[in-house]
Amino acid sequence: MTEKEVSAYSPNVLAFYGDSIYEVLVRKLIVSAHNTNAGRLHELAVSRVRASYQSAAIDVIEPMLTEKEADILRRGRNAGGISVPKSSNPAEYRRATALETLFGYLALCENYSRINELFNAICAALPIDE
């Protein structure tokens, strides 16, 4: 898809897709580092996909973003129609949605090197006690 075509998608659609992209990256990271039971793998993955972690990830990558990427992030954060789960606060959840929106946008643009660059920066800056 072209950047123009991808930009026409709503932030919620981009976040829907970006959520899966981000989760696959997290799962690959976890499985690569741990050969353990599925319950433990799930615990390790949840620590990186929860809204509070993804919200903190925004602080890590924001200085690295291009103007276009920052715009996509803003669109995701300001998207309407978001139902915040009880396990999260609205500000964190909106920021997490923004991160997923950016990952969805980059994936649909097939910019996987940029996704990996941002994901690696997040993981380096926000390690999880394992």
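The values are calculated or read from the model by the stated rules, or taken from the named source; none is laboratory data. This one's a predicted model, so the numbers in the text were calculated from it and none came from an experiment. Counting neighbours? That spans all protein chains shown, and the Cβs are built from the backbone with ideal geometry, glycine included.
Here are the numbers for this structure:
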{"quantity": "Qualifying residue in segment 107-120 (condition: assigned to a loop (DSSP other than H, G, I, E, B) and either free of Cβ contacts under 8 Å to residues at least 60 places away in the same chain or in contact with a helix residue (DSSP H, G or I) (Cβ under 6 Å, 6 or more places away or on another chain) (or both))", "calculated": "yes"}
{"quantity": "Filter pass, residue 91 being buried (at least 20 other Cβ atoms within 10 Å of the Cβ) and either of a type outside the set (Asp, Glu) or assigned to a loop (DSSP other than H, G, I, E, B) (or both)", "calculated": "no"}
{"quantity": "Complete set of residues in segment 78-106 that are among the β-branched types (Val, Ile, Thr) and in contact (Cβ under 8 Å) with a residue 60 or more places away in the chain", "calculated": "82, 97, 101"}
{"quantity": "Residues (exposed (fewer than 15 other Cβ atoms within 10 Å of the Cβ), without any contact (Cβ under 8 Å) to a residue 24 or more places away in the chain and over 14 Å from the mean Cα position of the chain (by Cα)) located in segment 35-67", "calculated": "35, 36, 37, 38, 39, 40, 42, 43, 63, 66, 67"}
{"quantity": "When residues of segment 121-130 are limited to those that are part of a loop (DSSP other than H, G, I, E, B) and in contact (Cβ under 8 Å) with a residue 40 or more places away in the chain, the one nearest to residue 75 (Cα to Cα)", "calculated": "126"}
{"quantity": "Residue count, segment 107-125 (criterion: surrounded by 15 or more Cβ atoms within 10 Å (Cβ to Cβ) and within 18 Å of residue 51 (Cβ to Cβ))", "calculated": "4"}
{"quantity": "Hits in segment 36-77 - residues which are in contact with a helix residue (DSSP H, G or I) (Cβ under 9 Å, 6 or more places away or on another chain), farther than 13 Å from residue 102 by Cα, part of a loop (DSSP other than H, G, I, E, B) and not hydroxyl-bearing (Ser, Thr, Tyr)", "calculated": "50"}
{"quantity": "Segment 1-34 - residue that is among the small types (Gly, Ala, Ser) and surrounded by fewer than 16 Cβ atoms within 10 Å (Cβ to Cβ) and, of those, nearest to residue 100 (Cα to Cα)", "calculated": "20"}
{"quantity": "Yes/no for residue 31 being more than 16 Å from residue 118 (Cβ to Cβ) and modelled with pLDDT of 95 or more", "calculated": "no"}
{"quantity": "Flag if residue 15 is free of Cβ contacts under 8 Å to residues at least 24 places away in the same chain, within 21 Å of residue 114 (Cα to Cα) and among the hydrophobic types (A, V, I, L, M, F, W, C)", "calculated": "no"}
